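In what follows, a single structure is set out as structure tokens and then discussed.
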Amino acid sequence: MIKIIMTAVAILGLPNILKSEVFSELEYRTLENKTLALEIGEMLFTQPSEGCWTCHGSKASPAVAPAKTMSGSILNDPKTWTSYKIVSQYISEDPTMIDQRRIALSLIRLGADDWNSKMTPLMRQLTKSDTIFFDDRMIGIHSKYLKKNSKSIIRMLKKSKVKFKSQELMDIMATSVLHYIENKFEIKSIAN
């Protein structure tokens with residue numbers, strides 16, 4: 001039986017309301033079976049229309065990426081990611097509270113529209129910056145094929161005998177995409 005493990009976040013030193021909001025937005029479920037996570041992540045990343053590669057390009061995908069990517073982020077260089085810029089502005093006595101990986105994962109999970117509306121006010125308090133963080137074209141796992149992708153992934157999880165709650169499906173999708181990016185783009189580590 002494959003277990004789902006929780007990626008937990010320790011949030012210290014913030015007012016209780018802010019702690020609970022940041023914590024709930026940065027807590028995600030991930031698959032213990034990394035092979036299955038890679039398969040799910042690859043499926044979502046390389047999707048022919050609205051897959052991650054259509055904006056970010058892909059050296060890891062057999063699909064041909066656009067000549068000029070729409071994103072300024074170079075996926076095998078985390079220092080070009082907006083999440084890196086946020087972390088570099090982060091002001092805290094506890095530098096482990098918010099890290100680049102958690103921000104990138106939450107962006108994949110929420111998409112830019114939801115991230116900007118839910119997380120930007122919280123991050124502004126943590127970074128003391130007025131920056132609007134993400135371009136609304138960054139949809140994360142929320143492509144027009146979300147319903148179809150969800151059904152496919154549910155079948156994959158059931159076939160692999162993975163027990164999960166329906167509200168964990170989006171988390172599994174997002175963590176699998178980030179796992180795929182980290183592996184296929186040979187990212188040694190995302191800044192923590």
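Would you pick out the residues in the stretch 104-120 that are free of Cβ contacts under 8 Å to residues at least 60 places away in the same chain and either among the β-branched types (Val, Ile, Thr) or more than 16 Å from Asp136 (Cβ to Cβ) (or both)?
Thr120, the sole residue that qualifies.
Of all residues in the stretch 16-58 being of a type in the set (Val, Ile, Thr), at pLDDT 85 or above and in a helix (DSSP H, G or I), which is farthest from Val177 (Cα to Cα)?
Looking at residues that are of a type in the set (Val, Ile, Thr), at pLDDT 85 or above and in a helix (DSSP H, G or I), I get Thr35.
The values are calculated or read from the model by the stated rules, or taken from the named source; none is laboratory data. Remember, it's a predicted structure, so these values are computed and weren't measured experimentally. Cβ coordinates were reconstructed from backbone atoms using ideal geometry, including for glycine residues, and neighbour counts include every protein chain displayed.
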